[in-house]
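Okay, so here's the structure we're looking at.
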Amino acid sequence: MAVDSYIKKMFGEKSSQFADAKVLLVGAGGIGCELLKDLIMMNIGEIHVLDLDTIDLSNLNRQFLFRHKDIKQSKSKTAIAAVEFFNYKSKLYAYHGSVLDTNLFPLSFFKQFNIIYNALDNLEARFYMNRMCLYLNIPLYESGTTGLKGQVQPIYPYLTECFSCVPKETPKTFPVCTIRSTPSKPVHCITWAKDFLFSQLFSNEDTNTQEIDASEFTNEEEAEASKKEVNELADLKKIIANEGDNEIVIKIFEKIFIADIERLLKIEELWKSREKPSFEQIKDYDHFFKDINKEYLTTCKDQSTLEEILKTFASSLLRLTDRFKNNENIEFDKDDEDTLFFVMSASNIRSLIFNIPTKNEFDVKQIAGNIIPAVATTNAIMAGFSALSSVNYFLENDNINRVVKSKMVFDSSSTDKVVNSSKLIKPNPSCSACSIVKGIITIDLSSTTLGQLRDKLIEKYNYGDDVEIMTLDSRLLYDFDLEDNLEEKLTNFINDQTVLLINDSDEKFDLIELYVLNSQNSEIILPELNIPLKKIKPSENENDENDDDDKLLVDNEENNDIKVTVSLDDDDDLVEEQPPMKKRKF
Amino acid sequence: MSDNSLTADEISLYDRQIRLWGMAAQKSLRNSNILVINMSGVGVEIIKNLTLGGIGKLTIIDNNKLKEQDLNCNFFVEKDQIGEFKVNASKLKIQDMNPRVKIEIDNRNWEDLEIEEFKKFQIIISTGLNSRQISKIDGISRELNIPMITCCVHGINGFIFNDLIKNLSWIKVEFNENREIGEFNLVSNIVKIDEIMENDNKFHKLLIENKFRKWDELNGKFLNLQFPSDKKKKKKINILLIMILSLLDMNEEFYGKDIEDVVIDLEEFKLHISENLNKFELPQSLIEFENEKFDKYLKIFIRNAYCEYQPSNSIIGGVVAQDVINTIVQKELAINNVSILDGFNSEMPIYIL
Ligand SMILES: [Zn+2]
């Protein structure tokens, strides 16, 4: 008997595949903690963990590697330290930093890994890692959870759907006039307080630069009123900077909750089919502003009385004013009590005026802070599926077999299965990320000429005649008209991390994207790429139907050895549930 | 203490889950008392999830001592604790995860307990039991009217059986004006229909009464109703279900043994397969012993049998813990009544047995 007895029995000789692997785990949060534990106990040889975040109290209900004493510490470093006592076989490395930071994590950093596991909480980093894996052709195990929902998607670059293949839902936004003039829900007032009022009063950016698009309002009158509000708020900023406490509270209150509303009331068109705002519920405001105090009421989070609402407004405004005067750069943060209380109370005052239900601190924090529910169980389940699905990577020898055996997993609400599983799907041919084949070129920019690069490209990829070389930001470096550039050293045109686009002058092969890694004294090293034939645009195809038929055929054949569409059962009464792509939230 | 409302500290700590199931649910979790029988790898995961979730009291019973092989599936122990009782070795680190949860350990054989000792629990969870033992704990659970969940992991595969007796739970579904009180599916009924509005959309909130079957009374009646033809049965019933049920029917008890000593008697195992096909009224052709493909599958299955594997533990432990929480807070539908984890295909079908 040994530590790895079970794994030896299950996988026999293949156990060494796990021991020899080097993987990267991006994120040490909810899924990350779970996945790190799973990967360690799968006896993976090397696990590198990367996270930019620090630990917060509200993480402790699920991120089981963290304790109260670890609050404010680095997630990745704390996680690595916390697992050490039950780690017998893995070498562990922690990095504290943003995955987007190319100084900390240049492309060459990611190159060393066999698999990358994403355990992220935001779309930007997910899209970025997706691109990196496309350049490097590294399998990416993508996962995410929201409450009891979650999903795992194994991505094998160019063989299966990548993270960008299916459009992702962007956060819901509201029409400008709903927020600025005609709110009807608590979320409208909270958005107004946070994105308009708070940022106008306390942000350091020049408020006049925010242009208002008149077309977004009901009529010109309303747009004009809105514009006035903004200009006057700039004046209020001056008040904040110069006046005494009581004046500040009264002046700001009367400007934003009386004068601005009165101006809106005059625009009759707005109220033809809507209930008019009214001062009825706040008419006694000056009574509560008589003894203004910077200390919050003990019950201020309840927001159940006018007193609680108005006094919280006054206290938070004054506290923020003090911080503003101290040249502090204040930004809204749900965990910064002053900013949260200001947004909460201001939105509740607006709600009272528009006869909308008020909200307590717990609810406002969720809406203003975009808080997503999270539980240990869903994270454990999805991390488990991410790890389990990746077993195929270690047991199979080539990506085609790995793709066939891997599944995408997502939550199910039906009573006949705990999770939905579906086979991996082919890439979307018009995907903005993976429809262009990508790779890395290692090259010594200071000693190589553009001509040498061109020749090497033609030789390596069998271009028939010539190529065009551009940068991703559309600078043309070379085509047959630009022969003069050929003698020049590459340092004159591009840097480390520049992305080059290579186009076949014959129009036979499709465009490719090469990410430049500058390496002194290196030969030109070009990636092994499977460059597809030029795709035919549907419109062109209609005009000359027969012309490119044989090319298309070849194209299809190449992709055919991985037929990875969802199989439909013939006599099935239950329609297979499709991945919740469109409603996917992270 | 237990009747008081949540403290500000508790609300901050459990914030992200209170936003999912609400304050009242978090309070009922705090008042709960759960038993976990056997600290297998999946037991470890269940314990982790329930402790993090903030249940009131957790009792863990296991009379096995820590072995080297356990180190790869128990993240509450260290190497120098080998030889100690598993539960004793783990207690400190379990408690450390959440000081608010009362952790009790017991290193007796659970089969030696008096029936009265089970009375105080709200739910009984067990892991790593065989058929005879499941029958025994289910008998206790029925006698005391306490819901029970049992589960196990066999390498990349897993198994869950729920006998929650009879329970009520709320679910949120799309609005449907034709919906009526009455049958919801073969084993549950709609007993109440509420209308709710969320983000301008109308939903139905349904109170569902779920009925479960005793382990000793499982049969093929519901499978036959759902999948009347042999063709349908072959298509819809994963043979892993029969494989695991048959593995649990083996006479020898394997939980806690050195994995090198776990040897499955193939003749006995195949006999149990035939018995189970009969018991659940399934065609014998569902499993073709002579088929080369099956033979290969069988070899892998046997190699995985009684192996602890962390990814499977993580999945089964997550699903079971969520079913426990849902049962306590009366939300969502728990598995009714058997689910298997098919690690070859990353699938988790649910069967009504
Ligand atoms: Zn794509």
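The values are calculated or read from the model by the stated rules, or taken from the named source; none is laboratory data. None of these values were measured; they are calculated from a predicted model. As a convention, Cβ positions derive from the backbone with ideal geometry for all residues, glycine included, and neighbour counts pool all protein chains shown. Please note that ligands, DNA and RNA were not included when accessible areas were found on the heavy atoms of the full protein model with its side chains. Shrake-Rupley method; radii C 1.70, N 1.55, O 1.52, S 1.80 Å.
Can you tell me which residue within the stretch A:13-32, out of those that are in contact with a helix residue (DSSP H, G or I) (Cβ under 8 Å, 6 or more places away or on another chain) and more than 21 Å from A:F105 (Cα to Cα), is surrounded by the fewest Cβ atoms within 10 Å (Cβ to Cβ)?
The extreme case among them is A:K14.
Only one of (1) at pLDDT below 95; (2) touching a Ser or Thr at 6+ places or on another chain (Cβ under 7 Å) fails for A:I190. Which number is that?
Result: A:I190 fails condition (1) only.
Pairs under 7 Å by beta carbon, first residue facing chain B (nearest Cβ under 9 Å) and free of Cβ contacts under 8 Å to residues at least 12 places away in the same chain in the stretch A:406-430, partner assigned to a strand (DSSP E or B) and more than 16 Å from the ligand (Cβ to nearest atom), six or more apart or different chains?
Final answer for the pair search is A:T415/B:N185; A:T415/B:I350; A:K417/B:P349; A:K417/B:I350; A:V418/B:S339; A:V418/B:I350.
Taking the condition out of contact with any Leu (no Cβ under 6 Å at 6 or more places or on another chain) and either away from chain B (no Cβ under 14 Å) or within 16 Å of the ligand (Cβ to nearest atom) (or both), does A:G464 pass?
The answer is yes for A:G464.
Inside the stretch A:146-167, can you point out the residues that are open to solvent by 30 Å² or more (accessible area, probe 1.4 Å) and within 16 Å of the ligand (Cβ to nearest atom)?
A:Y158, A:L159, A:P167
Just checking, which of A:V176, A:V152, A:V166 is modelled with pLDDT of 95 or more and at negative phi?
A:V152
Looking at the stretch B:124-187, what strands (runs of 3 or more DSSP E) fall wholly within it and have at least 3 residues that are open to solvent by 10 Å² or more (accessible area, probe 1.4 Å) and in contact (Cβ under 8 Å) with a residue 60 or more places away in the chain?
Values: elements: B:148-154, B:157-163, B:166-174, B:182-185.
Per the criteria, B:166-174.
Since A:T448 meets every condition but one in (1) open to solvent by less than 30 Å² (accessible area, probe 1.4 Å); (2) within 23 Å of the chain's Cα centre (by Cα), which condition does it not meet?
Here A:T448 meets the rest and fails (2).
How do the strands (runs of 3 or more DSSP E) wholly within the stretch A:459-538 filter down when requiring 3 or more residues that are of a type in the set (A, V, I, L, M, F, W, C): which remain?
Here the list reads A:467-471, A:499-504, A:512-518.
Do we have A:K325 as of a type in the set (K, R) and within 14 Å of another protein chain (Cβ to nearest Cβ) here?
Answer is no for this residue.
Would you mind telling me which numbered condition in (1) assigned to a helix (DSSP H, G or I); (2) open to solvent by 40 Å² or more (accessible area, probe 1.4 Å); (3) at the interface with chain B (Cβ under 8 Å from one of its Cβ atoms) A:S389 fails?
If we test A:S389 against (1) assigned to a helix (DSSP H, G or I); (2) open to solvent by 40 Å² or more (accessible area, probe 1.4 Å); (3) at the interface with chain B (Cβ under 8 Å from one of its Cβ atoms), just (2) comes out false.
I'd like to verify a number: residues in the stretch B:15-27 that are open to solvent by less than 40 Å² (accessible area, probe 1.4 Å) and more than 9 Å from chain A (Cβ to nearest Cβ), how many?
Going residue by residue through the stretch B:15-27, those that are open to solvent by less than 40 Å² (accessible area, probe 1.4 Å) are B:15-19, B:21-22, B:25-26.
Now narrow it down to the ones that are more than 9 Å from chain A (Cβ to nearest Cβ): B:22, B:25-26.
Number satisfying all stated conditions: 3.
Applying the selection to the stretch A:421-441, what residues are charged (D, E, K, R) and within 12 Å of the ligand (Cβ to nearest atom)? Let's see the steps before the verdict.
Initial filter on the stretch A:421-441 (charged (D, E, K, R)): A:423, A:426, A:438.
Those that are charged (D, E, K, R) and within 12 Å of the ligand (Cβ to nearest atom): A:K426, A:K438.
Search the stretch A:156-180 for residues that are of a type outside the set (A, V, I, L, M, F, W, C) and pair each with any residue that is more than 11 Å from the ligand (Cβ to nearest atom) and at pLDDT below 90 when their beta-carbon atoms are under 7 Å apart and the residues are at least 6 apart or on different chains.
Going by the 7 Å Cβ cut-off, the qualifying pairs are A:T160/A:V564; A:K168/A:R584; A:E169/A:K582; A:E169/A:K583; A:E169/A:R584; A:E169/A:K585; A:P175/A:E216; A:R180/A:S226.
Which one is nearest to the other protein chains (Cβ to nearest Cβ) among residues in the stretch A:33-54 that are surrounded by fewer than 24 Cβ atoms within 10 Å (Cβ to Cβ) and in a loop (DSSP other than H, G, I, E, B)?
Checking each candidate, the answer is A:N43.
Conditions tested, residue by residue: (1) surrounded by 15 or more Cβ atoms within 10 Å (Cβ to Cβ); (2) in the same structural domain as A:L107 (by TED's automatic domain parsing); (3) over 17 Å from A:L514 (Cβ atoms).
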position: A:I441; (1), (2), (3): yes, no, no
position: A:I469; (1), (2), (3): yes, no, no
position: A:R475; (1), (2), (3): no, no, no
position: A:D481; (1), (2), (3): no, no, yes
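Within the stretch B:298-353, take every residue that is in contact with a Cys (Cβ under 7 Å, 6 or more places away or on another chain) and not aliphatic (A, V, I, L, M) and give me the one that is farthest from the other protein chains (Cβ to nearest Cβ).
So the residue we want is B:N313.
For the stretch A:426-437, check the following and say yes or no: at least one residue is modelled with pLDDT under 95, open to solvent by 40 Å² or more (accessible area, probe 1.4 Å) and in contact with a strand residue (DSSP E or B) (Cβ under 9 Å, 6 or more places away or on another chain).
Within the stretch A:426-437, one or more residues are modelled with pLDDT under 95, open to solvent by 40 Å² or more (accessible area, probe 1.4 Å) and in contact with a strand residue (DSSP E or B) (Cβ under 9 Å, 6 or more places away or on another chain).
Among the residues that make up the stretch A:118-126, is at least one of them open to solvent by 10 Å² or more (accessible area, probe 1.4 Å), within 16 Å of the ligand (Cβ to nearest atom) and not assigned by TED's automatic domain parsing to the domain that holds A:L529?
yes
So which of A:T178, A:T182, A:T173 is in a loop (DSSP other than H, G, I, E, B), closer than 22 Å to A:W271 by Cα and away from the ligand (no atom under 16 Å from the Cβ)?
Only one candidate qualifies: A:T182.
How many residues, within the stretch A:350-386, are surrounded by fewer than 17 Cβ atoms within 10 Å (Cβ to Cβ) and either more than 11 Å from chain B (Cβ to nearest Cβ) or without any contact (Cβ under 8 Å) to a residue 24 or more places away in the chain (or both)?
4
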